[in-house]
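Asks: Input: one structure, supplied below.
Read-outs: derived from the displayed coordinates by stated rules, not from any lab. As the structure is a computational prediction, the values presented were derived from the model and not from experiment. Every residue, glycine among them, receives a Cβ derived from its backbone with ideal geometry; neighbour counts consider all protein chains shown.
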């Protein structure tokens, strides 16, 4: 016979789980004792939200389930934001919570709430363990669902008394599921549209950064010459140096990449996810000819009615279309693609040589970040005005090298996310780019980073306000409400947590200071004053922001 909590941990080991991020409580004490005797590392965090972000980033970077743990009541509610964020950013994520004994769940009792129902709204599946014998099935189903397309969060609750029970159940065999191949008739219909088009365009979504899908997309673009716009979370699906890479869509209604959509006679969406960028923002009239290629059928939307839907393994579908392309003689007009790349490259370089005193422009800061990071290094970006600039200006060589929260769009991810990235990818440099408000959302994880000696750098853009809200209000109303706040003594803060710290006020010094921080062992903090006057200058040039926040 095996103790239920021991069996639960054995099932996690069978699933290949290497670590769990979390904050334990009284009601999962048995689970913690079982973990202590296992091969699984427990990463003690300072807040459950931070733990959930860490697990989600692990899932996004590795494609395997990230695991976080909290206790009942406030521990469970603290997990919610990070779990919702991971779920809508399509991260495979397993959430484990403790619960009061079944002998008191039926009545008013200390810290008892219906956690399973609460998590149903932010997960693919939420289930309590009702019998220790069911643990192998519940764990296997949870991980299988979390990693299945589209990936997302799942939740398991284990009550304290059930954790102590004995069982003779054993972990289930972990099987690999092959995704179904796309329908040949749908492929033929889609190819007919692609071959007949004159100015086809790809919109690559979050699904294309899966390793096989990204490779298939690159091969398809190389064979056909068709260019791809990438959503925020699809950065790196095409290399920024690839002539078919048309950079990022999703920021502004009239940003330059939008002209590509308007001039195209066929849009091919690959791994496109509406939670990132609604079709009403790029197909307002609903009359665009669309080929939808994804793991799942298209969501029903007035502005998204594909002419053909190819449903099945995304990489397999793209490769099947590429085989048809190799046999065809295609005549496309790519002049607009060439013009767009030229325009955007000028935009990226516009402030790269900025000098002088005073606040540093977002464009300059991002140019220096790109210069300091290698092709496989990782940038994590939070939510705020800085996200808009990263989305527009920062481009990638490889998939999975820019982690942006753009589904649920929660603030607070980059610091805990950077800690997780450093653990999951120890051979790559990790930089978190945050606003001052964003950084303070999970400030407590500075201690976790120091305790783990996380080799990370956090670049804080300081404007002493909720800059993105000010930007949006000013666009709509011509002015904004009072959104200002105070900030800590940043260098004092860094010192108090044992971090390396520096401030930079001269644009010409930033690249040097960033490089030094990235090459310094352990956690480093770099703070710059940011010139958000550039926000409205960009609006005046390009038009109103349309991204949902």
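Asks: Once fully extended, how much extra length lies between residue 184 and residue 479, figured as 0.36 nm per residue of separation less the alpha-carbon to alpha-carbon distance? Intermediate results must be reported in sequence, preceding the final value.
Replies: Working: separation 295, 0.36 × 295 = 106.20 nm, distance 5.51 nm.
That pair, residue 184 and residue 479, stretches by 100.7 nm at full extension.
Asks: Rounded, prolate or oblate: pick one for the stretch 67-113, where a ≥ b ≥ c are the square roots of the eigenvalues of its C-alpha gyration tensor, a/c under 1.5 means rounded, and failing that, prolate if a/b is larger than b/c, else oblate. Walk me through the numbers before you get to the answer.
Replies: Details: a/c = 3.21, a/b = 2.56, b/c = 1.26.
Verdict is prolate for the stretch 67-113.
Asks: By its C-alpha gyration tensor, with a ≥ b ≥ c as the square roots of the eigenvalues, how is the stretch 249-336 shaped: rounded for a/c under 1.5, else prolate for a/b larger than b/c, else oblate?
Replies: On the way: a/c = 1.97, a/b = 1.20, b/c = 1.65.
Oblate shape, in that a/c is at least 1.5 and b/c is the bigger or equal ratio.
Asks: Given the stretch 2-167, what percent of its DSSP beta bridges are antiparallel, to the nearest 5?
Replies: Here the antiparallel bridges make up roughly 10 percent for the stretch 2-167.
Asks: Quick one: divide the alpha-carbon radius of gyration of the chain by 2.2 N^0.38 Å and tell me what you get. Provide the component values of the computation, followed by the final result.
Replies: Values: Rg = 24.0 Å, N = 549, 2.2 N^0.38 = 24.2 Å.
Compactness ratio reported: 0.99.
Asks: To the nearest 0.05, how large is the calculated FRET efficiency for residue 1 and residue 141 if R₀ is 25 Å and r is the Cβ-Cβ distance? Don't skip to the end; give the middle numbers.
Replies: Numbers: r = 23 Å, r/R0 = 0.94.
Rounded to the nearest 0.05, the efficiency is 0.60.
Asks: Using Cβ counts within 10 Å as a stand-in for footprinting exposure, how do 293, 162, 20 rank, fewest first?
Replies: On the way: 293 31, 162 23, 20 26.
Final ranking by Cβ density, sparse to dense: 162, 20, 293.
Asks: I want the antiparallel fraction of DSSP beta bridges within the chain, as a percent rounded to 5.
Replies: Numbers: 5 of 68 bridges.
Antiparallel bridges: around 5 percent, rounded to the nearest 5.
Asks: With each pseudo-label sitting 7 Å past Cα toward Cβ, what's the residue 101-residue 175 distance in nm, one decimal?
Replies: 3.9
Asks: So what's the convex hull volume per residue for the Cα atoms of the stretch 184-340, in Å³? All intermediate terms of the calculation are to be shown ahead of the outcome.
Replies: On the way: hull volume 15.1 nm³, N = 157.
Convex hull volume per residue, Cα atoms: 96 Å³.
Asks: Quick one: 177, 430, fewest Cβ neighbours within 10 Å first, how do they rank? Please report the intermediate quantities before stating the final value.
Replies: Working: 177 8, 430 28.
So the ranking, lowest neighbour count to highest, is 177, 430.
Asks: Quick one: divide the alpha-carbon radius of gyration of the stretch 344-426 by 2.2 N^0.38 Å and tell me what you get.
Replies: 1.14
Asks: Residue 39 versus residue 342, label points 7 Å from Cα toward the beta carbon: distance in nm?
Replies: Between residue 39 and residue 342, the simple spin-label model gives 5.7 nm.
Asks: Additional query: What is the order of 423, 310, fewest Cβ neighbours within 10 Å to most? Walk me through the intermediate numbers first.
Replies: Details: 423 21, 310 27.
Result, fewest neighbours first: 423, 310.
Asks: Hey, another quick one. Can you tell me what share of the DSSP beta bridges in the stretch 350-540 is antiparallel? A percent to the nearest 5 is fine. Don't skip to the end; give the middle numbers.
Replies: Numbers: 1 of 24 bridges.
That works out to approximately 5 percent antiparallel.
Asks: Give me D for the stretch 350-540 in µm² s⁻¹, whole number, from Stokes-Einstein with Rh from the Kirkwood sum over alpha-carbon pairs, 25 °C and 0.890 mPa s.
Replies: Working: Rh = 16.6 Å.
Reported coefficient: 148 µm²/s.
Asks: Still on this structure, I have one more. Relative to the present Cα-Cα distance, how much length would full extension add between residue 515 and residue 536 at 0.36 nm per residue of separation?
Replies: Details: separation 21, 0.36 × 21 = 7.56 nm, distance 3.00 nm.
Full extension from residue 515 to residue 536 adds 4.6 nm.
Asks: Any chance you could run the full-extension gain for residue 259 through residue 371? It's 0.36 nm times the residue separation minus the Cα-Cα distance, nm to one decimal.
Replies: 37.5 nm
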